[in-house]
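The values are calculated or read from the model by the stated rules, or taken from the named source; none is laboratory data. Because the structure is a prediction, the values reported are computed rather than measured. Here Cβ is always computed from backbone atoms with ideal geometry, including for glycine, and neighbour counts include all displayed protein chains. Just so you know, the surface numbers come from the protein's heavy atoms only, side chains and all, with ligands and any DNA or RNA stripped out. Shrake-Rupley method; radii C 1.70, N 1.55, O 1.52, S 1.80 Å.
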Amino acid sequence: YTAVAHATGSPGAVRAVGTACARNPLPVVVPCHRVVRSDGTMGGYVGGLAAKSTLLALESGPDEDRARVDR
């Protein structure tokens with residue numbers, strides 16, 4: 001959230017970034033699921049943390065287990 005706040009030119013707007021991500025009506029089109037907390041934890045997501053985790057895993061590409069299942 002801090003990096004997004006800095007990118008907008010308002011480094012103190014960390015909570016506003018969180019609120020904007022939480023209220024995003026198009027969470028896959030505007031990929032706020034990629035925004036994580038500065039301590040590396042997930043943070044919130046309008047679709048729920050399970051959905052956020054799934055989207056991040058899908059974007060990270062295939063891992064060994066998925067590659068074995070797909071063969």
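Given +1 on the Cβ of Lys and Arg, -1 on the Cβ of Asp and Glu, and no further charges, what dipole in debye does region 6-65 carry about its Cα centre, rounded to the nearest 20? If you can, show how the numbers build up before the last one.
Numbers: 5 positive and 5 negative charges, 99 e Å.
So the magnitude is around 480 debye.
Want the number for residue 51 to residue 23: 0.36 nm per residue separation, take away the alpha-carbon distance, what's left?
8.5 nm
Of 29, 35, which has the most accessible area and how do the rest follow, probe 1.4 Å?
Numbers: 29 115, 35 25 Å².
Output order, biggest surface exposure first: 29, 35.
If you keep only loop residues by DSSP, which trypsin sites (Lys or Arg not before Pro) in region 11-49 have at most 13 other Cβ atoms within 10 Å of their Cβ?
Values: sites: 15, 23, 34, 37; in loops: 23, 37.
For trypsin sites (Lys or Arg not before Pro) across region 11-49 that sit outside H, G, I, E and B with at most 13 neighbouring Cβ atoms in 10 Å, the list reads 23, 37.
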